[in-house]
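To keep things clear, I will list the structure first and then write my remarks on it.
The values are calculated or read from the model by the stated rules, or taken from the named source; none is laboratory data. Here the structure is a predicted model, which is why all the values come from computation and not from measurement. In this analysis, Cβ positions are derived from the backbone assuming ideal geometry, glycine residues included, and neighbour counts consider all displayed protein chains.
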Amino acid sequence: MSATRRPLKSLGQNFLVDDNIIDRIIQAADIQPNQSVLEIGPGRGALTTHLAERAGRLMLIEFDHALASWHQDQFKDNQRVTVIDGDVLKVDLDALLPETPQKWNVVANLPYNISTEVLFRLYGVHDRLARMTLMLQKEVGDRLAAPPDCSAYGVTTVLLGLWFDISRAFVVHPGSFHPSPKVDSAVLNFIPRSEARADVGDEDVFRSVVKSAFSMRRKTLINCLKSAEFAKQVDCTALLEACKIDGRRRGETLSLEEFAALSRYVTEVLPAASVGN
């Protein structure tokens with residue numbers, strides 16, 4: 001096994017090979033002295049050596065067993081580097097990222113096929129994070145920055161926007177990878193907020209409301225909400241009337257503040273521990 005091993009299509013591996021882009025990502029990550037850094041999917045280590053030089057502590061999560069073993073061998077004499085041979089979608093991030101005064105910086109070139117799921121997992125530990133610098137498919141990045149009432153606006157836009165300020169650092173073209181993907185990528189910076197952008201009441205309720213509103217994009221909001229689990233206990237017509245939202249609208253037209261109003265109402269009337277997604 002070596003760092004020149006061929007990428008595995010089955011794992012969605014597109015290895016970064018452009019030194020200029022590597023340098024720009026490291027600069028965008030803005031790693032502070034002695035900071036703890038998590039790299040997800042280090043692959044062949046294009047970013048990893050640079051991160052290890054700057055971080056006070058570096059944790060790697062690698063799904064590819066052969067690459068994880070290779071990284072373990074590479075850093076066997078460096079006690080500041082920990083390699084987790086595992087799936088970022090299954091590891092216990094709460095346990096791996098303990099609550100400490102100094103928060104974690106996350107850096108990743110995410111496989112396109114799991115990027116949204118990884119974003120939701122990182123959303124769940126936003127309070128442990130100082131910053132995230134993530135390379136995503138450009139289309140995913142566009143969704144995260146989309147305004148209401150456009151086709152790109154969706155669940156990830158609303159949920160991630162609650163707790164993160166998101167900005168695009170730069171676009172990365174296919175030629176910077178091996179093999180070259182068929183689409184452009186984008187590097188985004190996510191800065192966690194000290195307070196949520198809006199008062200949503202119970203966050204489990206908020207997630208349920210948002211996911212329900214986008215569950216059938218061609219349907220009206222009232223029909224989408226009526227299909228939600230909480231609708232068994234909440235009158236959705238009364239909910240929309242109380243929040244002064246027209247049920248004939250579609251979920252993609254609602255602002256974060258309107259979703260927050262719906263969530264607060266459901267939180268108030270729904271019995272505790274009865275939320276379904």
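Scanning the stretch 24-47 for residues that are out of contact with any helix residue (DSSP H, G or I) (no Cβ under 9 Å at 6 or more places or on another chain), in contact (Cβ under 8 Å) with a residue 24 or more places away in the chain, farther than 12 Å from L60 by Cα and polar (S, T, N, Q) returns a single hit, N34.
Here L89, L67, L60 are screened, and the one residue that is closer than 14 Å to S36 by Cα and either at pLDDT below 95 or within 23 Å of the chain's Cα centre (by Cα) (or both) is L60.
Residues that are in a helix (DSSP H, G or I), at negative phi and touching a Pro at 6+ places or on another chain (Cβ under 8 Å) are absent from the stretch 148-158 altogether.
Taking the stretch 216-254 as the range and being polar (S, T, N, Q), assigned to a loop (DSSP other than H, G, I, E, B) and at pLDDT 95 or above as the test, only T220 passes.
On inspection, V125 does not qualify as under 22 Å from M216 (Cβ atoms), of a type outside the set (F, W, Y), in the same structural domain as I26 (by TED's automatic domain parsing) and surrounded by 17 or more Cβ atoms within 10 Å (Cβ to Cβ). Counting the residues of the stretch 188-206 that are over 18 Å from L240 (Cβ atoms), over 14 Å from the mean Cα position of the chain (by Cα) and not in a loop (DSSP other than H, G, I, E, B) gives 2. Is it the case that the stretch 162-183 has a residue that's under 30 Å from D19 (Cα atoms), among the hydroxyl-bearing types (S, T, Y), in a loop (DSSP other than H, G, I, E, B) and in contact (Cβ under 8 Å) with a residue 12 or more places away in the chain? Yes, that holds for at least one residue. Exactly one residue among S176, S185 is more than 30 Å from D246 (Cα to Cα), within 18 Å of the chain's Cα centre (by Cα) and in the same structural domain as Y112 (by TED's automatic domain parsing), and that residue is S185. Among the residues of the stretch 69-79, not a single one is closer than 20 Å to R128 by Cβ, in the same structural domain as G141 (by TED's automatic domain parsing) and outside any helix (DSSP H, G or I).
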